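All of the numbers you see were taken from the coordinates with simple rules; none came from a lab. The structure presented is a predicted model; accordingly, all values stated were derived computationally and were not measured. Don't worry about glycine lacking a Cβ; one is built from the backbone with ideal geometry, like all the others, and counts go over all protein chains shown.
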Amino acid sequence: MTATVRTRVAIVGAGPAGLLLSHLLAGSGIESIVIDQRSREEIETTIRAGILEQGTVEVLASSGASDRVLTAAHRHEGIELRFAGDGHRIDFAALVDRAVYLYPQHEALKDLITARLAAGQDLRFGVTAQRVEGAETDRPAVIATDADGQALTIEAEFVVGADGSRSVARAAVSGSRNGYFREYPFAWFGILCEAPPSAEELIYSNSPDGFALISQRSDTVQRMYFQCDPEVDPDSFSQEQLWDELQKRVPGTTLKEGPIFQRDVLRFRSFVAHELLKGRVALIGDAAHTVPPTGAKGMNLAVADVLVLEKALRALLLEDDHRLLEAFPETALHRIWKAQHFSWWMTSMLHVAPEASDFDRLRQLGELRSVVESEAGRRFLAEAYTGWPLEGLQ
Ligand code: PHB
């Protein structure tokens, strides 16, 4: 038995991209169904990155997707770049009159899920998409299995793949051609600990022992990362060893230590799908692209994709105007490749590759000095980090 449901837009994936898109479409009177193979609890508790661009915060707040972001997020007006024994502040407020906000992604997801359910949205957890069919027809469909193992077909006027880096929907758009891809010879070891903040702002530190990032979560919980081998077993370190690894990568700052209660290894990839659109199926968020976390661009880029696609879907579904949809890949890719470059640049400037020669190390210090000693260099970093202007927001 296959149950068939109909909607205007079928969205695969209840991450930031899928949920925000459905929220914005509802605001324009366009009905959608969102499915995700994960449970609500898994989505709301998985630890992800925590930096939102100012524009992302403005979108979440002004669309009614999150009120909490205005009260609970911490405004950061700068970051510190640390290398060769010194810290250098990049003053976002002075350089570009903008800021970023520390607000963990799963908190934004909780807000979005609450908002969608409060609005009576058809949001289904535990539903696994098998494939997307009919991209080049007027009736594309998602073929799925629901939480009880029953076959489910969602027929729609448009299908959106917002189903993350292991996207199922991608096959309907890019076919067997996958995407532009780059892997890095290192990963991040991430920890959450119970301790007061070690610094008021984020510290991105380049040291001869490798990179570390000192981030925060609250007055009592901190998030930190250090560069590690991608194959490392997260359980192979004692707490003491973890603190030693972190501390030796941030000379000049004494880290405030405390019990480490969560640890994970994050692999680094840069990826852009060859195609973002085929007929009536589009890809957004991590399904379309992945960035290494150094530039804090992942969720912000997903939000930027959503704004471009939502406008195009409004024109298509309310006015039968296809032009913005046809322009969607080019418009979205413009920002995607800038963010790819920024994420790659921050990554390569701050990490020590295992095969790095003395020349590479010294050249890297020269690059860091070129950035921090020039107002143009600091401004370039500040513009990219706080986020380029967003579609429809100024
Ligand atoms: C985080 O707090 O998890 C975080 C912050 C900045 C990044 C990446 C991750 O660039």
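Before moving on, here are some points about what is shown:
- Label separation (Arg40 vs Trp337): 4.2 nm, computed from points 7 Å beyond Cα along the C-beta direction.
- Taking a ≥ b ≥ c as the square roots of the eigenvalues of the Cα gyration tensor, segment 45-117 is classed as oblate, since a/c reaches at least 1.5 and a/b does not exceed b/c.
- Built amide H within the under 5 Å cut-off of Asp321, gap 5+: Leu316
- Most mobile listed residue (Val100, Val352, Val306) in the chain, GNM with C-alpha springs under 10 Å: Val352
- Amide N proximity, segment 250-277 versus Glu231 label position 7 Å along Cα-to-Cβ, cut-off under 20 Å: 264-269
- Simple spin-label estimate for Thr220 and Arg89 in nanometres, 7 Å along Cα-Cβ: 2.9 nm
- Using a Förster distance of 30 Å, the FRET efficiency for Val5-Ala61 (Cβ separation, nearest 0.05): 0.40
- Straightening the chain between Gln150 and Glu330 buys 61.0 nm, computed as 0.36 nm per residue apart minus the Cα-Cα spacing.
- Relative to the Cα centre, the charge distribution of segment 172-220, modelled as +1 at Lys and Arg Cβ and -1 at Asp and Glu Cβ, gives a dipole magnitude of about 440 debye.
- Spatially near lysine pairs across the chain, Cα under 26 Å, sequence gap of 8 or more or different chains: 9
- Structure remark: mean-square fluctuation, Gaussian network model of the chain, C-alpha springs under 10 Å; the largest value among Leu255, Leu20, Leu52 belongs to Leu255.
- Look at the dipole of segment 282-368 built from charges on Cβ: of Gly366, Trp345, Leu283, the Cα furthest out on the positive end belongs to Gly366.
- Between Thr254 and Arg361, the contour length at 0.36 nm per residue exceeds the alpha carbon distance by 36.1 nm.
- Per-residue 3J(HN,Hα) values for segment 323-333, derived from phi via the Karplus relation 6.51 cos²θ - 1.76 cosθ + 1.60 with θ = phi - 60°, read 5, 5, 5, 4, 7, 3, x, 5, 5, 5, 5 Hz in sequence order (x marks Gly and Pro).
- With respect to the chain, whose longest principal axis is taken over its alpha-carbon atoms, helix 105-118 is tilted by about 20°.
- Anisotropy class of segment 1-86 from Cα gyration tensor, a/c 1.5 cut: prolate
- Centre separation in Å (Cα based) which lies between segment 297-335 and segment 18-40: 15 Å
- Note on segment 34-140: with charges restricted to the Cβ of Lys and Arg (+1) and Asp and Glu (-1), its dipole about the Cα centre is near 220 debye.
- A Gaussian network model of the chain, with springs between Cα atoms under 10 Å, assigns the largest mean-square fluctuation among His351, His322, His76 to His322.
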